[in-house]
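A short worksheet on the structure shown next.
Each value in this text was obtained by applying a stated rule to the coordinates, not by laboratory testing. Being a predicted model, the structure only gives us computed values, none of them experimental. Cβ coordinates were reconstructed from backbone atoms using ideal geometry, including for glycine residues, and neighbour counts include every protein chain displayed.
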Amino acid sequence: MPLNDATLEPTAQLRSVGLRVTAPRVAVLTAVAAQPHSDADEVAAVVRSRIGSVSTQAVYDVLRACVGAGLLRRIEPAGSSALYESRTGDNHHHLVCRVCTTVVDVDCVVGRPPCLEPSESHGFVVEEAEIVFWGLCSDCASTHDSHVVSNTQPSAASARNAIPTQAASNQAFRVSPSVGDHPST
């Protein structure tokens, strides 16, 4: 069985990994399955709407236990709170919109694999390589100039190639290709 068989009901999922079945745990698993890529506050709001009063700390504790047991996956896109999803045990990645912060799943990278093994492990036992694609979702791309991304904190890769511009009252960054991206002449 994969780490998380999403076809199982939350009670069966909890039992399959040896966790006690409690109302908060069932509510958290249900909330994350219904709204993947939610942060802890969003999960807590859904849990409270389902079972009433529950502390934010209790929700964090349940999330931590479920991540540790492999029932949930925690992702941390740069500049974002930790997000939780129930899709675990496979090799999928994420697309993140720089404007609205929508996160969607994408199956494993196709074509030539990106750098999946570090050139030097420095004594680490590498367990996983996480790939996050950044860009504009279709809604944001249709309302923004495709070459100007409104973002006060660009990713490290974008920051290296960013040329600051002023767009309305927001700080914006126009991404220019890096030296290696220019065709040789």
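At-a-glance table
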read-out	value
S16 paired with T102, simple spin-label distance in nm, labels 7 Å along Cα-to-beta-carbon	3.0 nm
Amide H partners (placed H, <5 Å) of W134, local residues excluded	V96
